[in-house]
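Contents: one structure, followed by commentary.
The values are calculated or read from the model by the stated rules, or taken from the named source; none is laboratory data. Predicted model only: the values in this text are computed from it and were never measured. For neighbour counting, all protein chains shown are included, and Cβ atoms are generated from backbone atoms with ideal geometry for every residue, glycine included. In case anyone asks, the SASA skips ligands and DNA or RNA and just uses the protein heavy atoms, side chains included. Shrake-Rupley method; radii C 1.70, N 1.55, O 1.52, S 1.80 Å.
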Amino acid sequence: MTGGERPALNALDGDALNGDAVNGADRPLVRVRGLRKSFGGHVVLDGVDLDVREGEVTVLLGPSGSGKSTLLRCVNHLEKPDGGFVELGGEIVGYRASGGRLHELRPRHIVRQRSRIGMVFQQFNLFPHLTVIENVTEAPVSVRGTPRKRAAEHARELLARVGLAGREDAYPRQLSGGQQQRVAIARALAMEPRLMLFDEPTSALDPELVGEVLAVVRDLALSGMTMIVVTHEIGFAREVADTVVFLDGGRVVESGPPEVVLTAPRHERARAFFAAVL
Amino acid sequence: MTTAKEDRTPKEPPTPERSRAAPGDPPVPVLDRRPSDEQLLAARLVPLRRPGQWVSAVVLLVLFAMLVHTLLTNDRFQWDVVGRYFTRAPILHGLALTLWLTAAVMASGYLLGVGIAAMRLSGNRVLRALSFGYVWIVRSVPPLVQLLFWYELASLYPTLSLGIPFGREFVTFRTAHMFSGVLAAYVGLTLDVAAFSAEIVRGGVLSVDRGQTEAAQALGLGRSRVFRRIVLPQAMPAIVPASGNLLIGLLKATSIVSVIAVQDLLYSAQLIYNQNFLIVPLLLVATIWYVVLTTLLSVGQHYVERHYARGRRGAGGGGGAARAGRGVWDVARANLSLFGATRRDLAGLS
Ligand SMILES: Nc1ncnc2c1ncn2[C@@H]1O[C@H](COP(=O)(O)OP(=O)(O)OP(=O)(O)O)[C@@H](O)[C@H]1O
Ligand SMILES: [Mg+2]
């Protein structure tokens, strides 16, 4: 809760507001600065800073309740932060900066920003009343105005890519959990996002189905997609992550390459956590 | 009967002879003291007999037959009179009024109801309170009182004006000409339906998992799109049965307009029997029409429900089965558990 650690509003007046010429091309795709969020007095995010560069995979680790989901949800503005900001591709998410203030954007602008961020949920959240292909084409058709036929072609390609060719006309309930989660990934990819968020994509799956979903996420990482992944799969983090971030009590307590953070964490909480998980 | 047996068994020592010989129970047929696997595999399965269900089915069927018999044989029902009046012009006019009043009230009531539900679900405190207050007051007042209130509006407010609140008035109406019986009925019943439908719609929307809205928002769908494409279709399975109920209730509730001399189906029948005193046959005429309409509505409701069952059936059967679906009769039969059980028992007894 110490104020000095949070560059929240100071940062606003400087680079974030006027576009930072200093960083230039090197600027990370995602910049989170001083993010704070409380639920009724309970502080969940306490000044989080995070950078994700284009094409990089960041894995978020941390004990239950440490604010991982909340952080992801703030990134696409499903949750409104109380302080600090999230920047994607040079644009503040959910707000417009002017005159030293952040003005909340109109819904249609937020919708436009969100369409560049794909999100995959722990509980899949497929639309049960729509078939697999309708799930995937819904957003391109209704948000982008893509002709139904083109959207369907693209959807077929994506479904083939996640190993679900031929299941286009099934309803979500007819699929296994692993298949549903892969549809959810295809659905998010259909909007051709610049950034993908995964919130424990394998936690609701039976152990034998975890692998097939992780394989899809791994392929996506190899194809150069920028991603933030919350997971408890340490092996996956070690293999795929460019950066591992350990969150505890709403703060980033460790951050760095997996071989450093996972093998030699400096922070006591992180050591205890990895000892328990590994 | 069966429960009594199950209750007793655990208390008994677990020797098979004793539980078989429990007093009062029919002897359970056994193959052998210790049947071989082959004997077990060859054994015919005998379903548990349910004499209680069988007896109650017979009793009910006999009672039903008696009812049909008395309806058909008691001259005082005067079925010939019923037949004569069934399609008389005043009855058909009354029927038409009942039908369109129901349709108009339902349509405008739901329009208003959806708005009130949206207010209640919104983040705006004032709107939420207004919506709550509306539902509370309208549900508290008997529809008959509301009807009379609107009918007597002229005595409360002889004129109504359009203009700036508390300021200038542009147009002024005389209420005496405004609220005819039919209009009072329309307004009163619409307000009533709005309150009830608001609760039905709200309940339906709340039954949809929040994750659905979030997933749709995360995809970049706009608010109205999320509601129309994602939330509403999933709320419909909860909304449709309750709404069907409300609609059928409304169809019959329109008959309260007879108190303000609106000639609906029931009041038309009453006008006739006030002259010729054929009370029972004319009440039967109206009743049969109500039964016919309710039946049609129930069948319609079944098809609407089936439409919204898309993707709801479990794995395997799936949406295809839901749409190819079972006919009305299959569903009716499946729901008549008594009938189903009786058939099984009959098979077991034979
Ligand atoms: N909408 C909400 N209202 C109130 N409290 C909330 C809400 N969302 C999250 N919280 C609380 O915030 C805290 C952090 O939640 P969050 O879901 O971000 O944790 P997490 O790190 O994702 O944990 P997990 O590993 O269990 O998913 C929890 O204590 C949770 O109860
Ligand atoms: Mg979480």
Surface per residue (accessible, 1.4 Å probe) for the range A:128-192, Å²: 39
Theoretical FRET efficiency, 1/(1+(r/R0)^6), r = Cβ-Cβ of B:Phe277 and B:Ser161, R0 35 Å, to 0.05: 0.15
Anisotropy class of the range B:39-79 from Cα gyration tensor, a/c 1.5 cut: prolate
Share of carbon and sulfur in the accessible heavy-atom surface of chain A [1.4 Å probe, %]: 47
Drop in accessible area of at least 30 Å² in the complex versus isolated chain, residues of the range B:199-237, 1.4 Å probe: B:Gln212, B:Glu214, B:Ala215, B:Gln217, B:Ala218, B:Leu219, B:Gly220, B:Leu221, B:Arg225, B:Arg229, B:Ile230, B:Gln234
Karplus-derived 3J(HN,Hα), 6.51/-1.76/1.60, for each residue of the range A:136-152, Hz, glycine and proline x: 6, 8, 3, 5, x, 6, 8, 8, 8, x, 4, x, 3, 5, 5, 4, 5
Range of Cα positions in the range B:76-213 per principal axis (Å), largest first: 61, 50, 23
Bins of 10 Å, starting at 0 and running to the largest distance - Cα pair percent for the range B:36-133: 12, 13, 13, 15, 19, 16, 9, 2
Estimated distance in nm for a label pair at A:Arg112 and B:Leu92, the labels positioned 7 Å out from Cα along Cα-to-Cβ: 6.1
Cα gyration tensor category, rounded, prolate or oblate, for the range A:128-192 with a/c compared to 1.5: prolate
Whether the range B:86-312 is rounded, prolate or oblate, judged on the alpha carbon gyration tensor where a/c under 1.5 counts as rounded: oblate
Taking only Cα atoms of chain A, radius of gyration then Dmax in Å: 19.0, 56
Backbone N within the range B:231-268 under 19 Å of label point (7 Å from B:Arg223 Cα along the Cβ vector): B:231-233
Peptide ranges A:30-43, A:65-78 listed from the most packed, as the mean C-beta count within 10 angstrom indicates: A:65-78, A:30-43
Members of the range A:142-181 that become less accessible by 20 Å² or more once partner protein chains are added (1.4 angstrom probe, chain alone as reference): A:Ser142, A:Val143, A:Tyr171, A:Arg173, A:Gln174
Amide proton proximity set for A:Val44, modelled H, under 5 Å, gap of 5+: A:Lys37, A:Ser38, A:Phe39
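Within a Cβ distance under 12 Å of A:Ser69, other residues only, what is the Lys/Arg minus Asp/Glu net charge? All intermediate terms of the calculation are to be shown ahead of the outcome.
Values: positive: A:Lys37, A:Lys68, A:Arg73; negative: A:Glu79, A:Asp199, A:Glu200, B:Glu214.
Counting the neighbours of A:Ser69, the net charge comes to -1.
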Calculated FRET efficiency for the pair B:Glu305/A:Ser203, C-beta based, R₀ 30 Å, to 0.05: 0.30
Backbone HN-Hα couplings from phi across the range B:204-210 [Karplus 6.51/-1.76/1.60, Hz, Gly and Pro as x]: x, 5, 5, 6, 8, 4, 4
Estimated FRET transfer efficiency when R0 is 45 angstrom, pair A:His103-B:Ala261 (beta carbons, to 0.05): 0.15
Integer Hz, Karplus 6.51/-1.76/1.60 couplings in order for the range A:49-63, x for Gly and Pro: 10, 7, 10, 10, 7, 3, x, 9, 10, 10, 9, 9, 10, x, x
Accessible area buried between chains B and A, both sides summed, probe 1.4 Å, in Å² to nearest 100: 2300
Residues in the range A:178-202 reached by a label modelled at A:His232 [backbone nitrogen below 12 Å; 7 Å Cα→Cβ]: A:200-202
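Relative to the present Cα-Cα distance, how much length would full extension add between B:Arg34 and B:Phe170 at 0.36 nm per residue of separation?
39.2 nm
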Protein accessible area in the range B:86-312, 1.4 Å probe - carbon and sulfur %: 67
Residue with peak Gaussian network fluctuation, chain A [Cα springs, cutoff 10 Å], from A:Val93, A:Val111, A:Val244: A:Val111
Residues whose placed amide H lies under 5 Å from that of A:Val93, excluding near-sequence neighbours: A:Val86, A:Glu87, A:Leu88
Inter-site label distance for B:Val141 and B:Ser180 at 7 Å from Cα along Cβ, in nm: 2.3
